[in-house]
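Shown next, in structure tokens, is the structure this report addresses.
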């Protein structure tokens, strides 16, 4: 795990521990795992292997471990890989050893987190590979409620960058703000009167005329929304380095390589988090102790 990923994981660990507890409550309610408790003794111990069933990027191993620790601290998980490592199908990612009942109880919840996060990281890595590092790949706020910090962590693990965490840490003046305020110039003016230079200011633009208004307003980043490649190239030329540029809307993986030719700095994709194919893992019994 590189230092950037590690710092992000440590910073947001507290945000996912309540989520784990909620997920377990959802599964167990008052009766707990009635199937496992009926079949097995509390004294039975077992060893399981965590197997990768796809090729891609691992993300969420600490969350996986935390699920089992929340159920029974006697469970020991030894991981052979860290977040950010590439996995091949069939790889033994980790071993889980401990009381059988809580291992079976936590299996699905732990795999759900790991599969979703590794899916996000893997998809992001594919976009980063195609872009070749320019433009920089960004996520959006199109995340599963309650999972935002984890999903954005997965984007970073896959080599992307976070656009903003929420409404609280960056100004983004979108089309509805512009229309309701009566234009870009007025919207930016109001933001600067309220916040000064405290936050980075980005403006969404739909036409070259709006791009010029954003440049004249002295914003930090200009979003080029639903523009074709020719329009984006014209916008980048017009901006001439006076603000960062971000392409957004109606952009696919297939189109990404050609977008780099326009000179934009960033491209944001909601699908990194809202349309993800999970990374398939399984937990297979190795031995009963």
Using distinct alpha-carbon pairs, which all enter the 1/r mean, Kirkwood radius of the chain in Å: 21.0
Residue of 18, 99, 135 that the Gaussian network model of the chain assigns the largest fluctuation, springs spanning Cα pairs under 10 Å: 18
Relative contact order (percent, whole number), segment 3-138, Cα cutoff 8 Å, 6+ residue spacing: 29
Taking N as its residue count, the alpha carbon Rg of segment 129-274 over 2.2 N^0.38 Å: 1.02
Top of 91, 140, 35 by mean-square fluctuation, Gaussian network on the chain, Cα under 10 Å: 35
Order of 208, 114, 150 under a 10 Å beta carbon neighbour criterion, fewest first: 208, 150, 114
Rounded to 10°, Cα long-axis angle of helix 148-157 versus longest principal axis of the chain: 80
Percent RCO, i.e. relative contact order, over segment 129-274, from Cα pairs under 8 Å lying at least 6 residues apart: 30
Helix-only mean residue ellipticity at 222 nm for the chain, each DSSP H run of n ≥ 4 adding -39500 (n - 2.57), per residue, nearest 500: -14000 deg cm²/dmol
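Over the chain, what is the relative contact order in whole percent, taking alpha-carbon pairs under 8 Å and six or more residues apart?
This gives 23 percent for the chain.
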Antiparallel %, DSSP beta bridges [both residues in the chain], to 5: 50
Neighbour-count ranking [beta-carbon atoms within 10 angstrom, fewest first] of 85, 149, 168: 168, 85, 149
Relative exposure of 189, 234, 66, judged by other C-beta atoms within 10 Å (fewest first): 189, 234, 66
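The numbers here are math on the coordinates, done by the rules we state, and not lab data. The structure displayed is predicted, hence computed values, not measured ones. With ideal geometry, Cβ positions are generated from the backbone for all residues, glycine too; neighbour counts draw on all protein chains shown.
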